[in-house]
Amino acid sequence: MDPNASSIPATARAATATVKLRLTRVTKVFESGGQRVEALQPIDLEVSEGEFVVLFGPSGCGKSTLLNMIAGFEEPTSGEITLEGQPVTEPGSDRLMLFQEHALFPWLRVIDNVTYGLRWEPGYRFRPRRRREKAMELLRLVHLEEFAKSPVHELSGGMKQRVALARALAPDPKVLLVDEPFPALDALVRAKLYTELQDILVRTRKTIVSVTHDPREAACLGDRVIVFTGRPGSIKAELTVELPRPRDINDPKVAECAGIIAKQLEEENNETIPGEKI
Amino acid sequence: MRPSPEKKYRGIVLVFYLALIALWQTLFSLQLIPDYLFPSPLQVARRLWELGSDGMLWPSMQATLLRMAVGFSIAAGIGLLTGLLMGMSRIVNRCLKSLFLGLQTLPTAAWAPISLLLFGLSERGIYFVIIMSSLAAVAIATSDGILQIPPLYLRAARTLGTPGYAMPLRVILPAALPGIVTGIKLGWTLGWHGAVSAELIKSSVGLGYLLYMGRELNDAAQVLGIMVLTILFGLLLDRFLFAQIEHRIRRRWGLLQAA
Ligand SMILES: Nc1ncnc2c1ncn2[C@@H]1O[C@H](COP(=O)(O)OP(=O)(O)OP(=O)(O)O)[C@@H](O)[C@H]1O
Ligand SMILES: [Mg+2]
């Protein structure tokens, strides 16, 4: 193994950090109209404070399903999900989800979108001035402060995603859930957004669970990459990416690391080479 | 600078209307129908002018508009509320939707006789006709608008911590606004029909009343004049008020391709 790629088995991970999110034997079976789809086999996963975990796997393996269950949009068929020891029951801003599409509210201006979630947060209730200040701070973070008063439809796709990120960070979620970020954007904008996202993460020390089926994206963003098997999904391998941040998605080291991650899938696809480690 | 296509068409449309008036004038000049039954454009315009300077026109227009303002506000309020309930509860939707669809098949003028029986010749009777004419359109459009809300908005609202009690005002109604505006536009038109129909039967002022008077006096110029005026009024509000609002909202909600 190339030491520069620095992918090491997950077992070597420091076990001292506090666990934010814990999934214990979580499964999901969809039943609709007599049809039974087993989406996820028992999943055990722990996410530590400040960690960026990427769920990586083939299409249909249940990555979005897992994220939806953490967010509280769906209930696990069995097993338990806890956040700081409290079981997850419904959607809430402590496990905020950032969607594939920006999902900004078109009836609100940029700044009002960012303040939206703060309305019900302790410390911000009935304090519009404080909400506005916080929102401006976040808009500065994503370099969009001069667009605060613009209607959403006047922004470009990349700008909208950045506003969505600011909106998601506003209520200071304990865990940020990201489902396939920025898929609809061109490579240049994406690369820029990745740098920006990492920069923000380093500064805010957010705990993040993100989903992707792009190995480069996984290598670029993740502290740890969880590789899933095809449906019904189960965890096939865990890889720790120890490249220094910020990482450039076009960096050869990232590409190399992405190769190692992608290999995990290939091995699974033709089912010839067994093995959990690289 | 290239003229916008909108501007180019404006000239053509103007020519079309001038041609229409010329056709009317030609038919008149052929004298196929006696002129007291079929007046010329000029006679109609003159009659409108007379009505105006006699102080008949303005109070009537005011009266009809005021009735619409009051009656339609009530209808829109009730329509929005029932539409919201229909949009949020499947049972309410099943029950009320068929009822409202049924009511919508009724011509608006058909509300006038029952209103006469219920309210006599009072102003309330006209409000009743306006409300019954427009209510269903607003309610149905609101509930349809709500059912067509992209689920993504609702999921985003929930993950951002929106409590249930805040959903209707903060998310559901604004997200359904494009549908609601379409319903308001249609409801206003139907209410306008209802108002003029009711005034025909039971009032002493208003555009409908002037139509009725024109018929009583065998004054074809007045009848045609008021008809033209009513059309112009409706068109003006539709094109320059509701259509503009609708367009803006649809653009803002990303429902139109950017030009
Ligand atoms: N509501 C549902 N009802 C029935 N089956 C479902 C439902 N949602 C997901 N599934 C099934 O569960 C499996 C996992 O779906 P999921 O969307 O989680 O996959 P994914 O890993 O996110 O895939 P992709 O990478 O394509 O987004 C799929 O086979 C899908 O058909
Ligand atoms: Mg998915």
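Conditions: (1) under 16 Å from B:Arg252 (Cα atoms); (2) within 11 Å of chain B (Cβ to nearest Cβ); (3) part of a loop (DSSP other than H, G, I, E, B). A:Lys149 meets all but one. Number of the miss?
Going through (1) under 16 Å from B:Arg252 (Cα atoms); (2) within 11 Å of chain B (Cβ to nearest Cβ); (3) part of a loop (DSSP other than H, G, I, E, B) one by one, A:Lys149 breaks only (2).
A:Leu40: in contact with a Gly (Cβ under 8 Å, 6 or more places away or on another chain), more than 16 Å from ligand 2 (Cβ to nearest atom) and not small (Gly, Ala, Ser), yes or no? Walk me through it before giving the result.
Details: in contact with a Gly (Cβ under 8 Å, 6 or more places away or on another chain): yes; more than 16 Å from ligand 2 (Cβ to nearest atom): no; not small (Gly, Ala, Ser): yes.
Spelling it out, it is not the case that A:Leu40 is in contact with a Gly (Cβ under 8 Å, 6 or more places away or on another chain), more than 16 Å from ligand 2 (Cβ to nearest atom) and not small (Gly, Ala, Ser).
Here's a check for you: in segment B:193-230, which residue that is of a type in the set (D, E, K, R) and without any contact (Cβ under 8 Å) to a residue 24 or more places away in the chain is least open to solvent (accessible area, probe 1.4 Å)?
Applying the first criterion (of a type in the set (D, E, K, R)) to segment B:193-230 yields B:199, B:202, B:215-216, B:219.
In the following step, the residues that additionally are without any contact (Cβ under 8 Å) to a residue 24 or more places away in the chain were identified as B:215-216.
Details: B:Arg215: 151, B:Glu216: 98 Å².
Only one residue tops the list, namely B:Glu216.
Among the residues of segment A:227-259 satisfying the criterion of being outside any helix (DSSP H, G or I) and without any contact (Cβ under 8 Å) to a residue 40 or more places away in the chain, which is least open to solvent (accessible area, probe 1.4 Å)?
Within segment A:227-259, the first condition is being outside any helix (DSSP H, G or I), and the residues that meet it are A:227-251.
Adding the requirement that they be without any contact (Cβ under 8 Å) to a residue 40 or more places away in the chain leaves A:244, A:251.
Values: A:Pro244: 101, A:Asp251: 54 Å².
The qualifying residue least open to solvent (accessible area, probe 1.4 Å) is A:Asp251.
Report the residue count in segment B:56-78 for those that are in a helix (DSSP H, G or I) and open to solvent by 70 Å² or more (accessible area, probe 1.4 Å).
Of the residues in segment B:56-78, the ones in a helix (DSSP H, G or I) are B:57-78.
Add one more test, that the residue is open to solvent by 70 Å² or more (accessible area, probe 1.4 Å), and what stays is B:58, B:62, B:66, B:73-74, B:78.
Residues flagged as in a helix (DSSP H, G or I) and open to solvent by 70 Å² or more (accessible area, probe 1.4 Å) within segment B:56-78 amount to 6.
Restricting segment A:66-124 to residues that are assigned to a strand (DSSP E or B) and free of Cβ contacts under 8 Å to residues at least 40 places away in the same chain, which is nearest to A:Leu40 (Cα to Cα)?
Step one: filter segment A:66-124 for residues assigned to a strand (DSSP E or B), giving A:78-83, A:86-87, A:95-98, A:109.
Within this subset, residues satisfying the condition of being free of Cβ contacts under 8 Å to residues at least 40 places away in the same chain are A:86-87.
Values: A:Gln86: 22, A:Pro87: 19 Å.
Looking at residues that are assigned to a strand (DSSP E or B) and free of Cβ contacts under 8 Å to residues at least 40 places away in the same chain, I get A:Pro87.
Kindly indicate whether any position in segment A:167-189 is in contact with a Phe, Trp or Tyr (Cβ under 6 Å, 6 or more places away or on another chain) and away from ligand 2 (no atom under 16 Å from the Cβ).
For segment A:167-189, residues in contact with a Phe, Trp or Tyr (Cβ under 6 Å, 6 or more places away or on another chain) and away from ligand 2 (no atom under 16 Å from the Cβ): absent.
Whether any residue in segment A:26-33 is more than 13 Å from A:Ile226 (Cα to Cα) and within 16 Å of ligand 2 (Cβ to nearest atom) is what I want to check. Can you show your working first?
Within segment A:26-33, the subset more than 13 Å from A:Ile226 (Cα to Cα) is A:26-33.
Okay, now just the ones that are also within 16 Å of ligand 2 (Cβ to nearest atom), so A:28, A:30.
Among the residues of segment A:26-33, at least one is more than 13 Å from A:Ile226 (Cα to Cα) and within 16 Å of ligand 2 (Cβ to nearest atom), which makes the answer yes.
Checking A:His153 against (1) under 28 Å from A:Thr65 (Cβ atoms); (2) at pLDDT 80 or above; (3) of a type outside the set (D, E, K, R), which single condition isn't satisfied?
(1)
Which residue out of A:Ala103, A:Ala164 is open to solvent by less than 10 Å² (accessible area, probe 1.4 Å), within 11 Å of chain B (Cβ to nearest Cβ) and farther than 16 Å from A:Ile208 by Cβ? Break it down stepwise before answering.
Numbers: A:Ala164 fails: farther than 16 Å from A:Ile208 by Cβ.
Sole residue among the options that is open to solvent by less than 10 Å² (accessible area, probe 1.4 Å), within 11 Å of chain B (Cβ to nearest Cβ) and farther than 16 Å from A:Ile208 by Cβ: A:Ala103.
Sort through B:Gly214, B:Gly225, B:Gly179 and tell me the only one that's part of a helix (DSSP H, G or I) and either within 21 Å of B:Ile140 (Cα to Cα) or in contact with a Phe, Trp or Tyr (Cβ under 8 Å, 6 or more places away or on another chain) (or both). Spell out how you get there, then give the answer.
On the way: B:Gly214 fails: either within 21 Å of B:Ile140 (Cα to Cα) or in contact with a Phe, Trp or Tyr (Cβ under 8 Å, 6 or more places away or on another chain) (or both); B:Gly225 fails: either within 21 Å of B:Ile140 (Cα to Cα) or in contact with a Phe, Trp or Tyr (Cβ under 8 Å, 6 or more places away or on another chain) (or both).
Answer to the selection: B:Gly179.
Yes/no matrix, rows are residues, columns are (1) crowded, with 21+ Cβ neighbours inside 10 Å; (2) away from chain B (no Cβ under 14 Å):
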{"residue": "A:Phe52", "(1), (2)": "yes, yes"}
{"residue": "A:Gly72", "(1), (2)": "no, no"}
{"residue": "A:Asp94", "(1), (2)": "no, no"}
{"residue": "A:Leu98", "(1), (2)": "yes, no"}
{"residue": "A:Val114", "(1), (2)": "yes, no"}
{"residue": "A:Pro122", "(1), (2)": "no, no"}
{"residue": "A:Arg132", "(1), (2)": "no, yes"}
{"residue": "A:His143", "(1), (2)": "no, yes"}
{"residue": "A:Gly157", "(1), (2)": "no, no"}
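The values are calculated or read from the model by the stated rules, or taken from the named source; none is laboratory data. Every value quoted in this text rests on a predicted model; they were computed, and no experiment measured them. Cβ sites come from the backbone with ideal geometry, for glycine too, and all protein chains shown count toward neighbours. SASA here: full protein model, heavy atoms, side chains in, ligands and nucleic acids out. Shrake-Rupley method; radii C 1.70, N 1.55, O 1.52, S 1.80 Å.
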